[in-house]
Amino acid sequence: LLRETVPVVRYESGNTYTFPLRGTFLVTDTCPAINSHRWCRNSEFAFDVGAFDDTLAESTLGGQPVYAACAGVVEEAFDGLEDTGEATDLEAVEAQFGEHARIDGNHVLLRHPGDELSLYAHLAKGSVAVRAGERVKAGQLLGRVGSSGSSWLPHLHFHVMREGIAGPGVPVVFQGLTTLLGEPCLLEDTVNLVRYAPDGETEPGE
């Protein structure tokens, strides 16, 4: 019987990532949670970002600007879908635009050094501000939060993967992301209340 010891080493990205939204948010469906993201190899470390009113019944995130988390080149930029509603036929969307659009709706896919790709999904119709082949800077506006594709309320889906759109998902650490108490946040809980405001900027509404 042949036995071999294989070391397990946590993947660490060589890129610097910052959170793609500005303000205070609820981040859910992270890696520790058992959720639909874990079904797919490329989205194992994905998460969803939301924001709600005081009743927690109404989303307040729709229309918020989404920024590039890391400098790179636009691999894909898709726009044109309305927010998903009761009358939306997602099978028809897939038949016309493909599975990627049916799942992620209006979206931007950025390529970064180290063969990493970041995905920003469910953007609002008409908000995508970049085009394929364009080089973008970290913090550059990509679009605005919507609810297109396989989405039932305004939120941002984000994940990073390697080796193409179907490659393995990878974890990233966001520089400057904190809890409400100001402590560094690594999104290691199933539900996270987070805050991100770059130096010199205030949160929306402040």
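The values are calculated or read from the model by the stated rules, or taken from the named source; none is laboratory data. Keep in mind that this is a model prediction, so the values were computed, not measured. With ideal geometry, Cβ positions are generated from the backbone for all residues, glycine too; neighbour counts draw on all protein chains shown. Surface accessibility is based on the protein's heavy atoms, side chains included, excluding ligands, DNA and RNA. Shrake-Rupley method; radii C 1.70, N 1.55, O 1.52, S 1.80 Å.
If you average 1/r over every pair of different alpha-carbon atoms in the chain and take one over that average, what Kirkwood value in Å do you get? Walk me through the numbers on the way to the answer.
Working: mean 1/r = 0.0570 Å⁻¹.
Kirkwood radius, the chain: 17.5 Å.
How large is the accessible surface per residue of segment 86-154, computed with a 1.4 Å probe and reported in Å² as a whole number? The partial results should precede the final answer.
On the way: 3390 Å² over 69 residues.
In whole numbers, segment 86-154 has 49 Å² accessible per residue.
When the helices in the chain are scored as -39500 (n - 2.57) per DSSP H run of 4 or longer and the sum is shared across all residues, what 222 nm value do you end up with, to the nearest 500 deg cm²/dmol?
-1500 deg cm²/dmol
Could you look at the chain and say what percent of its accessible area is carbon and sulfur, using a 1.4 Å probe and all protein chains? Don't skip to the answer; put the middle values down first.
Values: 5800 of 11270 Å².
Carbon-and-sulfur percentage of accessible area, whole number: 51.
Which one, Arg131, Arg144, Arg111, has the greatest fluctuation when you compute a Gaussian network model over the chain with C-alpha springs under 10 angstrom?
Arg131
Order the following by accessible area, largest value first: Phe52, Phe174. Probe radius 1.4 Å; ligands, DNA and RNA are ignored.
Order by accessible area, largest first: Phe52, Phe174.
Arrange the peptides 119-130, 16-27 so that the one whose residues have, on average, the most other Cβ atoms within 10 Å appears first.
119-130, 16-27
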